[in-house]
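Worksheet for the structure shown next.
Rule-based calculations on the coordinates, nothing more; no lab input. From a predicted model like this one, the values you see are computed outputs, not experimental measurements. As a convention, Cβ positions derive from the backbone with ideal geometry for all residues, glycine included, and neighbour counts pool all protein chains shown.
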């Protein structure tokens, strides 16, 4: 049982097992394991300790299997189990659960006890493929799904594999769109409800793909996060928004611009410098910029993200909690966050005239924000009656299609001209 990762040895053994199984018309199984304990030990104690942990894990895995089954280490944290003597598919599932049980216990290593949460992806010959490389790929696909779904054992699924490939293609297309600078911004006005004046604008990222058509942010932003593209996307949005705002604000002074950042942005150490540089490049006063961050993003890992928020405040920008009411914020925590504004989520505003519970939530958020000396913006205002009710409640600002649809810069400038 070698500790040297070698998928070629495994593939050769698999090829041999497939030839024998084909002649006898019986299944062969692959269980592909992710050993999270080895990954963590590598990063904390080093690779030598990781090798020791892996050796112990491999012994445990082999003890859970039949004598005819073989175990291979094919990566730092990946192990392949070859099950060449199956009589039915259920035996592969049974073997996988035995492995999970034996590896799910704590692993003693030097003075530490390491908890393991392994995942297993299963692929079977001939139902999932008849070629060794195809079967390994499909076991890897099943393992990926197991980890994504947080399910200890997952069978290969063509539907899940197709969905994953579609997601990878989406990420590839998005990367190309960023390379070609084809993502654009639209702007939606924010209106002061006391004066009726337009006082701000929110930048909204848009992607018009030549092959996909309009791709909504609810699709491409999660794809950017999964592909590690959020830094590039956020830098693009920041610089484009500030450049176009500078053009508009020079002719229409007094406006502010709201720009959305993601949860991933908040954990990037270079975010304050990125923002500072963008403000300097486009000569936009920091006080005219509102950085919007969702409630959930702020409340995750509160200490680290509160530090980032403090750094952003030091730059001089304003901060807003977006989609307020849909996350899980602690009211006790809210009073310590360095925010200036709360944006009531559209789901409450849109139905507040038909559902008294939504109306009460909106009223409560407005009262809460004012008691904390925060501005309140209502999103999703789509009719005159909703606007009037918000005015009666004392809401500070509003935005929505009734007031202004999202517009490109030229259209927004033309829309704004008669109002200034």
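For the reader, a short list of remarks on this structure follows.
- Label point distance in nm, residue 402-residue 296, each placed 7 Å from Cα along Cα→Cβ: 2.8 nm
- Spin-label proximity, residue 214 to segment 398-420 - amide N less than 13 Å from point 7 Å beyond Cα toward beta carbon: 405-408
- Cα-based shape type of segment 169-419, given that a ≥ b ≥ c are square roots of the gyration tensor eigenvalues and the cut on a/c is 1.5: rounded
- In degrees, nearest ten, helix 356-371 long axis to first principal axis of the chain (Cα): 70 degrees
- Considering only alpha-carbon pairs that sit under 8 angstrom and 6 or more positions apart, the relative contact order computed for the chain is 11 percent.
- Among beta bridges from DSSP that stay inside segment 169-419, the antiparallel ones total about 40%.
- With Cα atoms, 0 to 90° folded angle of helix 302-315 axis to the chain main axis: 40 degrees
- Antiparallel content of DSSP bridges confined to the chain, in %, to 5: 60 percent
- Difference of contour (0.36 nm per residue) and Cα-Cα distance, residue 76 to residue 13: 20.7 nm
- Two-site label geometry, residue 367 and residue 165: point separation in nm, points 7 Å out along Cα→Cβ: 5.7 nm
- Answer label for volume of the Cα convex hull per residue in Å³ (calculated), chosen among (i) 187; (ii) 150; (iii) 226: (i)
- Put a dot 7 Å past the Cα of residue 360, heading toward its Cβ, do the same for residue 311, and the two dots end up 4.2 nm apart.
- Calculated [θ] (222 nm, deg cm²/dmol) that DSSP helices of n ≥ 4 give over the chain, each run adding -39,500 (n - 2.57): -15500 deg cm²/dmol
- Cβ-based exposure ranking for 336, 39, 119, in which fewest neighbours within 10 Å come first: 336, 39, 119
- Convex hull volume of segment 7-156 per residue (C-alpha atoms, cubic angstrom): 95 Å³
- Sorting 307, 211 from the fewest to the most surrounding beta carbons within 10 angstrom yields 211, 307.
- Residues residue 267 and residue 93, FRET efficiency given R0 of 25 Å [Cβ-Cβ distance, rounded to 0.05]: 0.10
- Mean Cα-pair separation over length for segment 169-419, i.e. relative contact order, pairs under 8 Å, 6 or more apart, %: 19 percent
- GNM top mover of 373, 265, 396 - the chain, alpha-carbon springs below 10 Å: 373
- Alpha carbon Rg of segment 312-396, scaled by the compact-globule rule 2.2 N^0.38 Å: 1.09
- FRET efficiency, 1/(1 + (r/R0)^6) with R0 60 Å, evaluated for residue 157 and residue 280 via beta carbons: 0.75
- Helix 36-45 axis, angle to the chain major axis (alpha carbon atoms, nearest 10°): 80 degrees
- Theoretical gain in end-to-end length, residue 180 to residue 326 [0.36 nm per residue, Cα-Cα removed]: 49.1 nm
- Sorted ascending by nearby beta carbons within 10 Å, beginning with the fewest, 294, 43 become 43, 294.
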